[in-house]
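Notes follow once the structure below has been shown.
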Amino acid sequence: MKENVRQEELLVAYLSIWNNRKVSDGGGREVLPELIRRELLDENAHPRARKPVLEKFYLSIKRVMESSLSEEMKHAIVMAYITELERL
């Protein structure tokens, strides 16, 4: 149960960093990994404007670290990014 709350907190924190990111799903367990995967693959950009995965990873981590989130939340989001990067 605590992990579900944690996932929801991470999702809220993630959405607070990224403008124009909305979730219509109720915030299920797979939502955050899917959002991160789409971010790393730059699926929100036009195909000709897409950046390489490692560049998107760098820019995403930089944005997370420069945010006003707590250090614990930053660490958790960075770890979620690393997990998704390893799956690609």
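The values are calculated or read from the model by the stated rules, or taken from the named source; none is laboratory data. Treat the numbers as computed from the prediction; the structure is a model and nothing was measured. Here the Cβ positions follow ideal geometry from the backbone for every residue, glycine too, while neighbour counts run over all protein chains shown. All accessible areas refer to the heavy atoms of the entire protein, side chains included, with ligands and DNA or RNA removed. Shrake-Rupley method; radii C 1.70, N 1.55, O 1.52, S 1.80 Å.
Brief remarks on what is shown
- Some residue of the stretch 47-69 being under 18 Å from E9 (Cβ atoms), more than 10 Å from the chain's Cα centre (by Cα) and acidic (D, E): no
- Lone unmet requirement of (1) modelled with pLDDT of 90 or more; (2) within 17 Å of K74 (Cβ to Cβ) for E9: (1)
- Some residue of the stretch 69-78 being surrounded by fewer than 16 Cβ atoms within 10 Å (Cβ to Cβ), part of a loop (DSSP other than H, G, I, E, B) and modelled with pLDDT of 90 or more: yes
- Restricting the stretch 43-68 to residues that are open to solvent by 70 Å² or more (accessible area, probe 1.4 Å) and among the acidic types (D, E), the residue that is farthest from S16 (Cα to Cα): E55
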